[in-house]
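The structure appears right after this line, and notes come after that.
The values are calculated or read from the model by the stated rules, or taken from the named source; none is laboratory data. Note that the structure is a prediction, hence the values are computed from the model and not measured. Using ideal geometry, Cβ is built from the backbone for each residue, glycine included, and neighbour counts are taken over all protein chains shown.
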Amino acid sequence: MNVNRPYETAYAGMATFCRRPLVLDPAELTGVDVAILGAPIDEYVTYRPGARFGPRAIRQADYLGVMDQWWAMDVGLDPFDILNVVDHGDLAPIPGYPDESHVELRKMVTAVCAAGAVPIVLGGDHSIAHPDVGAVADHFSPSAVGLIHFDSHADDAWEDGYRNHGTPLRFLVDEGSVKGENIVQVGLRGYWPPQSDFEWARGQGFRWHLMDEIYERGIDDVITDVIEEMSGLEHVFLSVDIDVVDPGSAPGTGTPEPGGLLPRELLKTVRRLAKALPISGMEVVEVAPPYDSADVTALLANRCVLEALVGMSLRRTGREPVREPSNT
Ligand SMILES: [Mn+2]
């Protein structure tokens, strides 16, 4: 037994995302394909706080630790064999000053884009979509960025002009970062926002797929439409509010709305979208560990990022998914 071997277990040592190398200096991101960073801020929630603890929980929600190979058995590849993925650490939040934190986050995401890497941001409340998507849109301007938004809430509310986690899409459209016609929303349900906000969004050219439509048609057909709706765009940002998933499966979130997606539907969908579309940025937000149970929400967010990496790997290699053959 070699007692000097390095930490290999998931419960020992420091947790970066899937034990990827920690690269804090943006100057060292050259050659990196994907940089994962945390945005531990939640001052802009309208109900229960706690998403500031999301990034740490998502990194820690991993029982595998150090492995030579992350074999995606449903697909037939190891994403870390194909993509150079690093953990870029966390935004240093300024507690109580979310606007200042947003400014710093925007700089951080901009630096990742400038290095040629795809930023994947672990939230944090959903107000961070404004700096996250805004930075990516600015970087690629004048080329348009499309936004696929998974959420139970539309997050494009007017709210008398106030910023909160229900208004980032309004800010993005009003400032011209993303055109309404390049936004597609998936999984909306419940009782918020009010009809006037849907009227505004319709006028801006937003498209959306309510949960009721997904029940009736099935997720795969709806996502085929989403891919079509994003066609022609060279850059797509994937924004995943974990509350798009049913709170029975993702209770660790601040504003749960019953009747959502199944975890497997979200995971398969994210993989499919990342294969089909040019993902230039992503965020997984609203994981609030204080309301979680047995880490299931944090683990789902962790795997959501992992499936995006698998999809991006398929796209990079031009491969079709090949399942590990059954041995029956
Ligand atoms: Mn949201």
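Select, from VAL173, VAL222, VAL184, the only residue that is farther than 15 Å from HIS126 by Cα, outside any helix (DSSP H, G or I) and not basic (Lys, Arg).
Being farther than 15 Å from HIS126 by Cα, outside any helix (DSSP H, G or I) and not basic (Lys, Arg) holds for just one of VAL173, VAL222, VAL184, which is VAL184.
Do the conditions hold for VAL240, that is, is it closer than 26 Å to LEU77 by Cβ and part of a strand (DSSP E or B)?
yes
Enumerate the pairs (first residue in the stretch 71-84 and more than 14 Å from GLU320 (Cβ to Cβ); second residue anywhere and of a type in the set (Lys, Arg) and part of a loop (DSSP other than H, G, I, E, B)) with beta-carbon separation below 8 Å, excluding pairs fewer than 6 apart on the same chain, so at least 6 apart or on different chains.
MET73/ARG323; PHE80/ARG20
Results for (1) of a type in the set (Val, Ile, Thr); (2) in contact (Cβ under 8 Å) with a residue 40 or more places away in the chain; (3) assigned to a helix (DSSP H, G or I), shown as yes or no for each residue.
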residue: VAL66; (1), (2), (3): yes, yes, no
residue: ALA92; (1), (2), (3): no, no, no
residue: ARG106; (1), (2), (3): no, no, yes
residue: VAL112; (1), (2), (3): yes, yes, yes
residue: HIS153; (1), (2), (3): no, yes, no
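Quick check on the stretch 73-88. Is at least one of its residues closer than 19 Å to GLU234 by Cβ, crowded, with 24+ Cβ neighbours inside 10 Å and at pLDDT 95 or above?
No, the stretch 73-88 contains no residue that is closer than 19 Å to GLU234 by Cβ, crowded, with 24+ Cβ neighbours inside 10 Å and at pLDDT 95 or above.
Only residues that are more than 24 Å from TYR47 (Cβ to Cβ), free of Cβ contacts under 8 Å to residues at least 40 places away in the same chain and hydrophobic (A, V, I, L, M, F, W, C): list them for the stretch 206-261, please.
Answer for the stretch 206-261, where residues must be more than 24 Å from TYR47 (Cβ to Cβ), free of Cβ contacts under 8 Å to residues at least 40 places away in the same chain and hydrophobic (A, V, I, L, M, F, W, C): just VAL222.
Give VAL133, VAL112 a once-over and let me know the one that is under 18 Å from HIS88 (Cβ atoms), within 16 Å of the ligand (Cβ to nearest atom) and buried (at least 24 other Cβ atoms within 10 Å of the Cβ).
Among VAL133, VAL112, only VAL133 is under 18 Å from HIS88 (Cβ atoms), within 16 Å of the ligand (Cβ to nearest atom) and buried (at least 24 other Cβ atoms within 10 Å of the Cβ).
Yes or no, residue by residue, for (1) part of a helix (DSSP H, G or I); (2) at pLDDT below 95; (3) surrounded by 16 or more Cβ atoms within 10 Å (Cβ to Cβ); (4) not charged (D, E, K, R):
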position: TRP192; (1), (2), (3), (4): no, no, yes, yes
position: ARG202; (1), (2), (3), (4): yes, no, no, no
position: ILE214; (1), (2), (3), (4): yes, no, yes, yes
position: VAL226; (1), (2), (3), (4): yes, no, yes, yes
position: SER231; (1), (2), (3), (4): no, no, no, yes
position: PRO251; (1), (2), (3), (4): no, no, yes, yes
position: ALA274; (1), (2), (3), (4): yes, no, yes, yes
